[in-house]
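The values are calculated or read from the model by the stated rules, or taken from the named source; none is laboratory data. Computed from a predicted structure; not experimentally measured. Quick reminder, even Gly has a Cβ in these numbers, built from the backbone with ideal geometry, and neighbours come from all protein chains shown.
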Amino acid sequence: MDVKFYKSRNKVPGIVIGAKKHILTLNMCTLFLAGLVVGSLMIRFQSPISTLVVSLFKRYNGIVVSNGFFKNLLNLLMINNVFVVALCFLGLSAVGCPFVCLFSAVKGIGIGIVSSYLYRAYSLSGFGYCTLVFYPQQIINMAALLMAMNESYYNSKMIYQTVAEKEHGDFDLRQYFGRFGIILLLTAFSSLVGATLNTALSGVFIK
């Protein structure tokens, strides 16, 4: 009886930690959705940031149409991995938590700006591009980023609590880097999907 009671009592912290992770993911998704709305408003009011993002997107799309598959894949790998690597390093900092939360909002703003621009500038063609080319790769990439943000946030929080001497942190850097290795593989898959769709369909919808 004592052994069973001890085990059941030890399940509680795990349940609490699991619930907290779900809450964090929900908060990240909320920030992402808020970013989408902000990005759309930036396009509507022609903010300098939206003008810059649209200019970069136009330049990138022009390169995509003329590039081959492997160049597009390399470009996407470089772009997508920057976010993941940055989150990995933030997770090794005691003050990384606030910055980790910003990534979701920034990603949402970027997607909101590009989507709204495409809808306004190309109408049905823009909708087709978003549905068949832009969104599939972004959904996979956002899933990878959510995993990276969770890992980074909790590792940074653990380091902060250890530095502040609030509690002892149980660090396992091998496991931490191993999880980010899996995240990078998912990011590589999103880049592969993106390169395939960009090469095959970008010139069909927008030019």
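In summary, residue 120 fulfils each of the numbered conditions (1) closer than 26 Å to residue 45 by Cα; (2) touching a Lys or Arg at 6+ places or on another chain (Cβ under 9 Å); (3) at pLDDT below 90 with the single exception of condition (3). The residue that is modelled with the lowest pLDDT, among those in segment 148-165 that are under 20 Å from residue 23 (Cβ atoms) and surrounded by fewer than 19 Cβ atoms within 10 Å (Cβ to Cβ), is 161. For segment 64-103, the tally of residues that are over 19 Å from the mean Cα position of the chain (by Cα), assigned to a helix (DSSP H, G or I) and surrounded by 13 or more Cβ atoms within 10 Å (Cβ to Cβ) stands at 5.
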